[in-house]
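Student: Input: one structure, supplied below.
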Amino acid sequence: MLPPPNPGAHHSPEPMDVDGPEHHTQHDADHDVHMSDAEHDHDADHDRRPLPDREDPHQQRLGLEPDAEQQALRDHSPVHRIDLDHVHDQMHHWAEDGRLSNLMEESHQRLQAERAALKEGEQPPPTAFTHQELEHHLGDEFRRMNDGERMAVVATLARVSSDYHESQGVGHNPNHDSQPYADSGNRADGTPDPAKASDRPVSAQSREDAKPNFPPKYRKEGDAPSDIATLHERLTGKSKAKPNADEVHSIVNAIGRHKPDFSGKNYAVVEVTDHKGNTTYIVDSSVPADRSGVTPRHSERHLLDWVERQNSLKPDGQKYTVASLYTEREPCGSGQGHAHCSRLLDSHTSPTHGKPVYYSTTYRTDPEGLEARSEEREKQRKKYASQIEKANQIQDEGKRREQLKSISKTINNAVKKVESDAEKQMTGEMDRHLRVVGQLWAKSMTHIVPPQASSQ
């Protein structure tokens with residue numbers, strides 16, 4: 001059995017550990033992080049890697065121009081595309097020498113310390129890593145990165161480790177807040193957003209609740225296959241060159257504090273400074289629609305709503321300032337399936353207005369893809385026309401709805417498979433990144449699961 005890194009702490013706490021009566025008294029969100037890097041001067045790092053050129057409002061990617069909202073953002077803010085090659089190379093190095101695993105384990109220990117303090121009704125210690133602490137953990141390679149690359153590192157770490165994600169995200173960074181969504185508005189139908197009553201980030205909760213999923217395509221490259229085989233042997237005492245899916249998922253469950261995320265969610269980071277000039281990076285994911293009924297949130301809005309709540313609890317002169325924002329996928333616009341994130345960032349009332357925006361993969365509307373899916377939907381409707389007609393004749397309302405729902409699901413699944421060449425390339429850009437996430441996770445876990453674990 002895999003021991004927790006801190007023998008005095010238990011890992012995977014029961015709900016009572018974070019949901020006691022003392023926990024609910026901590027809703028003032030006024031437990032400040034001691035950000036000890038006020039001396040950090042962005043202009044003092046003369047050997048830092050330069051940023052890529054600012055994007056032109058009409059700059060094409062994959063043969064596609066930004067839409068009107070994406071263009072407006074580029075008109076008013078410096079938008080830079082951050083190539084991930086250098087980030088991936090450095091993170092492979094840190095995974096190999098154990099620096100990533102050390103950072104992830106400390107994030108777990110900080111969450112455990114926070115939960116223990118809350119259980120005792122005490123002020124929780126900070127979980128956020130300051131800019132200076134990240135430099136201490138990751139060294140000169142991190143210091144020499146440009147701002148966009150540093151934030152890409154933080155976003156990638158959040159994908160690799162669930163506890164790193166939660167400890168550096170909404171509800172915890174820069175301060176602990178037991179009511180992170182207290183200011184949430186109602187859902188589209190006018191009913192209260194269930195997140196409003198949540199004492200934990202909904203992104204972290206949904207990640208914990210999700211079944212382990214390590215798709216084969218993200219664990220085939222580099223050292224991932226051999227590292228996964230090593231982890232299987234250390235945890236079970238059995239040697240197997242290619243553990244099957246169930247065995248891989250058992251490995252993930254055994255190290256649940258660092259559950260990886262290979263989902264289609266987007267991770268974003270905001271760099272914030274306090275009134276003393278100290279810096280921290282808040283990272284969190286999008287919140288997709290699911291059965292919980294929680295209002296869906298794109299990652300950019302998820303983060304900015306959180307910053308707004310933190311500032312609402314601070315007096316004038318002590319509020320946080322957003323210095324920049326990074327997102328894995330470029331901020332979306334007004335196209336189908338988009339949520340106007342570019343417009344949000346460009347708003348004159350947004351703390352990001354005029355601030356640098358960094359991204360790494362393309363996210364644009366392709367008219368060819370829209371047209372192809374429209375044609376496929378019409379084709380599927382004709383194909384299932386007789387079944388739809390029969391379903392509509394079912395007298396029992398419940399059975400009728402169930403049958404129509406089943407047909408609709410079949411049609412939607414067929415439509416979703418239709419992609420234009422540009423859309424396939426967009427998917428490919430993220431797949432390339434997620435393959436690296438798989439390698440980083442597997443390598444880092446070999447530092448966390450000791451060779452002697454199988455004999456314990």
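Student: Does the range 365-380 include one or more residues that are surrounded by 11 or more Cβ atoms within 10 Å (Cβ to Cβ), closer than 30 Å to Glu271 by Cβ and at pLDDT 95 or above?
Tutor: yes
Student: From the list Ile411, Ile388, Ile407, Ile448, which residue is out of contact with any strand residue (DSSP E or B) (no Cβ under 9 Å at 6 or more places or on another chain) and in the same structural domain as Tyr164 (by TED's automatic domain parsing)? Walk me through it before giving the result.
Tutor: Numbers: Ile411 fails: in the same structural domain as Tyr164 (by TED's automatic domain parsing); Ile388 fails: in the same structural domain as Tyr164 (by TED's automatic domain parsing); Ile407 fails: in the same structural domain as Tyr164 (by TED's automatic domain parsing).
That would be Ile448, the only listed residue that is out of contact with any strand residue (DSSP E or B) (no Cβ under 9 Å at 6 or more places or on another chain) and in the same structural domain as Tyr164 (by TED's automatic domain parsing).
Student: What's the number of the condition Thr130 fails, among (1) more than 18 Å from His172 (Cα to Cα); (2) touching a His at 6+ places or on another chain (Cβ under 9 Å)?
Tutor: Answer for Thr130: the failing condition is (1).
Student: Against the condition assigned by TED's automatic domain parsing to the domain that holds Gly98 and closer than 21 Å to Asn102 by Cα, how does Gln179 come out, does it pass?
Tutor: Values: assigned by TED's automatic domain parsing to the domain that holds Gly98: yes; closer than 21 Å to Asn102 by Cα: no.
No.
Student: So, in the range 307-335, exactly how many residues are under 17 Å from Gly277 (Cβ atoms) and among the aromatic types (Phe, Trp, Tyr)?
Tutor: Within the range 307-335, residues that are under 17 Å from Gly277 (Cβ atoms) and among the aromatic types (Phe, Trp, Tyr) number 1.
Student: Starting from the range 197-208, keep only residues that are in contact (Cβ under 8 Å) with a residue 40 or more places away in the chain, then list their pairs with residues that are in a helix (DSSP H, G or I) whose Cβ atoms are within a distance under 6 Å, requiring at least 6 positions of separation or different chains.
Tutor: Val202/Ala195; Ala204/Glu166; Arg207/Ser162
Student: Can you find even one residue in the range 272-295 that is assigned to a helix (DSSP H, G or I), under 17 Å from the mean Cα position of the chain (by Cα), in contact (Cβ under 8 Å) with a residue 40 or more places away in the chain and under 21 Å from Gln179 (Cβ atoms)?
Tutor: no
Student: Something else now. So for the range 382-389 (the condition being closer than 24 Å to Pro288 by Cβ, surrounded by fewer than 17 Cβ atoms within 10 Å (Cβ to Cβ) and over 31 Å from the mean Cα position of the chain (by Cα)), does at least one residue qualify?
Tutor: No: zero hits.
Student: Among the candidates Leu345, Leu313, which residue alone is buried (at least 22 other Cβ atoms within 10 Å of the Cβ) and within 30 Å of Ser198 (Cα to Cα)?
Tutor: From the options Leu345, Leu313, the qualifying one is Leu345.
Student: Mind listing whichever residues of the range 158-191 are of a type in the set (Val, Ile, Thr) and either in contact with a strand residue (DSSP E or B) (Cβ under 9 Å, 6 or more places away or on another chain) or assigned to a helix (DSSP H, G or I) (or both)?
Tutor: If the condition is that a residue be of a type in the set (Val, Ile, Thr) and either in contact with a strand residue (DSSP E or B) (Cβ under 9 Å, 6 or more places away or on another chain) or assigned to a helix (DSSP H, G or I) (or both), then Val160, Val170 are the ones that fit.
Student: Follow-up. I'd like the residue in the range 316-335 that is of a type in the set (Gly, Ala, Ser) and surrounded by 21 or more Cβ atoms within 10 Å (Cβ to Cβ) and, out of all such residues, is nearest to Arg61 (Cα to Cα).
Tutor: Pass one, the range 316-335, residues of a type in the set (Gly, Ala, Ser): 317, 323-324, 333-335.
Imposing the further condition that a residue be surrounded by 21 or more Cβ atoms within 10 Å (Cβ to Cβ) reduces the set to 324, 333.
Values: Ser324: 22, Gly333: 14 Å.
So the residue we want is Gly333.
Conditions tested, residue by residue: (1) within 18 Å of Gln336 (Cβ to Cβ); (2) in contact (Cβ under 8 Å) with a residue 24 or more places away in the chain; (3) not in a helix (DSSP H, G or I).
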site: Ile407; (1), (2), (3): no, no, no
site: Asn412; (1), (2), (3): yes, no, no
site: Lys424; (1), (2), (3): yes, no, no
site: Val436; (1), (2), (3): no, yes, no
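Student: Say we look at the range 69-108 and pick out the residues that are in a helix (DSSP H, G or I) and among the acidic types (Asp, Glu); which of these is nearest to Lys424 (Cα to Cα)?
Tutor: Asp85
Student: Cβ contacts < 9 Å: first residue farther than 21 Å from Glu429 by Cα and buried (at least 18 other Cβ atoms within 10 Å of the Cβ), restricted to the range 55-68; second residue aromatic (Phe, Trp, Tyr) and at pLDDT below 95, any location; separation 6+ or different chain. Result?
Tutor: The qualifying pairs do not exist here.
Student: Sticking with this one: Here is a list of conditions, (1) at pLDDT below 95; (2) outside any helix (DSSP H, G or I); (3) on the phi < 0 side of the Ramachandran plot, and Met145 meets all of them except one; can you say which number that is?
Tutor: Condition (1) is where Met145 drops out.
Student: Does the range 374-391 include one or more residues that are in a loop (DSSP other than H, G, I, E, B) and either without any contact (Cβ under 8 Å) to a residue 12 or more places away in the chain or within 30 Å of Ala158 (Cβ to Cβ) (or both)?
Tutor: Within the range 374-391 (the criterion being in a loop (DSSP other than H, G, I, E, B) and either without any contact (Cβ under 8 Å) to a residue 12 or more places away in the chain or within 30 Å of Ala158 (Cβ to Cβ) (or both)), the answer is no, since none of the residues qualifies.
Student: Residue pairs, Cβ under 6 Å, 6 or more apart or interchain, first in the range 115-130 and among the charged types (D, E, K, R), second surrounded by fewer than 19 Cβ atoms within 10 Å (Cβ to Cβ). List them.
Tutor: Once the first residue is among the charged types (D, E, K, R) and sits in the range 115-130, its partners that are surrounded by fewer than 19 Cβ atoms within 10 Å (Cβ to Cβ) give Arg115/Pro13; Arg115/Asp17; Arg115/Val18; Lys119/Asp17; Lys119/Gly20.
Student: Something else: Is it fair to say Gly185 is among the small types (Gly, Ala, Ser), modelled with pLDDT under 95 and more than 18 Å from Trp306 (Cβ to Cβ)?
Tutor: no
Student: Every residue in the range 417-455 that is modelled with pLDDT under 95 and either surrounded by 14 or more Cβ atoms within 10 Å (Cβ to Cβ) or of a type in the set (D, E, K, R) (or both), please.
Tutor: Of everything in the range 417-455, those that are modelled with pLDDT under 95 and either surrounded by 14 or more Cβ atoms within 10 Å (Cβ to Cβ) or of a type in the set (D, E, K, R) (or both) turn out to be Ala453, Ser454.
Student: Restricting attention to the range 218-234, and to residues there that are surrounded by 20 or more Cβ atoms within 10 Å (Cβ to Cβ) and touching a residue at least 40 places away in the same chain (Cβ under 8 Å), which single residue is farthest from Ser299 (Cα to Cα)?
Tutor: Arg234
The values are calculated or read from the model by the stated rules, or taken from the named source; none is laboratory data. Note that the structure is a prediction, hence the values are computed from the model and not measured. No Cβ is skipped: glycine too gets one built from the backbone with ideal geometry, and neighbour counts run over all protein chains shown.
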